[in-house]
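Beneath this line is the structure, given in structure tokens, with notes to follow.
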Amino acid sequence: MSLPANLQEIVDDFAGMTREEKMETLIGYAESLADLPERFREERAKMEPIPECMTPVFLFAEKADDGSLTFHFDIPPQSPTVRGLAAILATGLNGCKPEEIIAIPADFYAPMKLEDAISGQRLNGFRGVLAHMKQEAVKTMG
Amino acid sequence: MSYAHPEYLVDTEWVAQHLEDPNVRIIESDEDSLLYLMGHIPGAVQVDWFSTLQHPLRRDFSTREQFEEICSTLGITNDTSIVFYGDKSNWFACYALWVFQYYGHTNVKIMNGGRIKWEQEKRALVKEVRAYTRTSYSAKEADKSIRAFRNDVFKQIEDKKPMVDVRSLKEYTGELLHMPNYPQEGATRGGHIPGAVSIPWSMAVNEADSAFKSVEELRALYEGKDIKADGEIIAYCRIGERSSLTWFVLKYLLGYEKVKNYDGSWTEWGNLVDAPIEK
């Protein structure tokens, strides 16, 4: 199946990049990830931190009147890889409907060949963040 | 009281004073390897635990020849004094130091507090990657006294010798099979190696600045769980990185002589057919 257009475009871009370009682009995404908006701060403070060793990823899904979702993240600057992966997902999926997000295949990123640039272990972060986004998307459908 | 081998530890100020010292090479080794590219200590080179130090095929770190090539490329001579630092309270810096020590490069140090402390002190970080003149490095015979394989662990259980599980408590009790979001670092069984005590690695560092706790605090922490100076100790975690930090603490900060890191760790033991497990 096809991916939402924005996400497909990012996947195609990465597929044609050298290792260095991938790393630079990922850093660009990491730096572009917006801070968590003020209106989520209170709720964020109440959330349980994830156990040590993990990069703590906090995310919120916001539903617009037309049913589309926007994701907001809180990920520490010390974890640029996870920030970059989250920013790619936000850029690729913001504005999509929950049904579209749930339908994204867990291995959608395979053609990006990111394993050239970051270790397979860290790539799992992609699956983790996407799985987390899907859970939040399901909640908005309630 | 000071640490048992204070020469293995330097502070951020010492590093700041030695940025241009030709006899010193500063190496950044991170869990998140993008951090180095985004900014590192001036003159520092990168050794990534995965893309640099892992064997390209086997589950193992670099061979002696591969290690020699890494050092030669980074302009390291057999006399270079190496200072490691990194993110996550120096986990991977300790892992890299352990590998260097394994191949006989004993003039190694950790920058106490790592990246976190350096950043907190608002010290300079640069993007420029400095190239050093290639050297011809020759590694020594591997120091097997600091590395445990699974057969050593079986023997350790049989002999009822001490082991330290440095993972989080939930991993030790078997409640968590793998870190959430890291499924490929998982194991098919949860729990811990029989006889191992739980002393999470993070208890050895101060939360505020990632620096190691005082020698008195460390001694109380480990001796309180019967991990003592005269013991033959094996430390393990999930893939051998967090336990490198504990290995470093026991060996150089507390001066325990016989400490091994089991880098197969839980991803090996928890998948090993016929291996005993406790929960």
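Observations on the structure shown:
- Between B:Met111, B:Met38, the distinction of being touching a helix residue (DSSP H, G or I) at 6+ places or on another chain (Cβ under 7 Å), surrounded by 24 or more Cβ atoms within 10 Å (Cβ to Cβ) and among the hydrophobic types (A, V, I, L, M, F, W, C) belongs to B:Met111 only.
- Segments classed as helices (runs of 4 or more DSSP H), wholly inside the stretch B:1-85, with at least 2 members that are closer than 22 Å to B:Ile116 by Cβ: B:12-17, B:34-38
Matching residues to (1) surrounded by 20 or more Cβ atoms within 10 Å (Cβ to Cβ); (2) polar (S, T, N, Q); (3) modelled with pLDDT of 95 or more; (4) within 11 Å of the chain's Cα centre (by Cα):
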position: A:Ser68; (1), (2), (3), (4): no, yes, yes, no
position: A:Pro77; (1), (2), (3), (4): no, no, no, no
position: A:Gly92; (1), (2), (3), (4): yes, no, yes, yes
position: A:Glu99; (1), (2), (3), (4): no, no, yes, no
position: A:Lys113; (1), (2), (3), (4): no, no, no, no
position: A:Phe126; (1), (2), (3), (4): yes, no, no, yes
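- So B:Val153, is it at pLDDT 95 or above, closer than 12 Å to B:Asn261 by Cα and within 13 Å of chain A (Cβ to nearest Cβ): no
- Filter result for B:Lys213 (surrounded by fewer than 22 Cβ atoms within 10 Å (Cβ to Cβ), without any contact (Cβ under 8 Å) to a residue 12 or more places away in the chain and touching a strand residue (DSSP E or B) at 6+ places or on another chain (Cβ under 7 Å)): yes
- Scanning the stretch A:19-51 for residues that are surrounded by fewer than 13 Cβ atoms within 10 Å (Cβ to Cβ) and either outside any loop (DSSP other than H, G, I, E, B) or touching a residue at least 40 places away in the same chain (Cβ under 8 Å) (or both) turns up A:Glu20, A:Gly28, A:Glu38, A:Arg39, A:Arg41, A:Glu42, A:Glu43, A:Ala45, A:Lys46.
- Scanning the stretch A:80-126 for residues that are among the aromatic types (Phe, Trp, Tyr) and part of a loop (DSSP other than H, G, I, E, B) yields A:Phe108, A:Tyr109.
- Tally of residues being part of a strand (DSSP E or B) and of a type in the set (Phe, Trp, Tyr) across the stretch B:248-279: 1
- Checking each residue in the stretch B:108-121 for being part of a loop (DSSP other than H, G, I, E, B) and within 14 Å of chain A (Cβ to nearest Cβ) picks out only B:Gly113.
- Residues in the stretch A:98-122 that are more than 9 Å from chain B (Cβ to nearest Cβ) and touching a Leu at 6+ places or on another chain (Cβ under 7 Å): A:Pro98, A:Ile101, A:Ile104, A:Ala106, A:Phe108, A:Leu114, A:Glu115.
The values are calculated or read from the model by the stated rules, or taken from the named source; none is laboratory data. Computed from a predicted model, the values in this text were never measured in an experiment. Neighbour counts run over all protein chains shown; Cβ positions are idealised from the backbone, glycine included.
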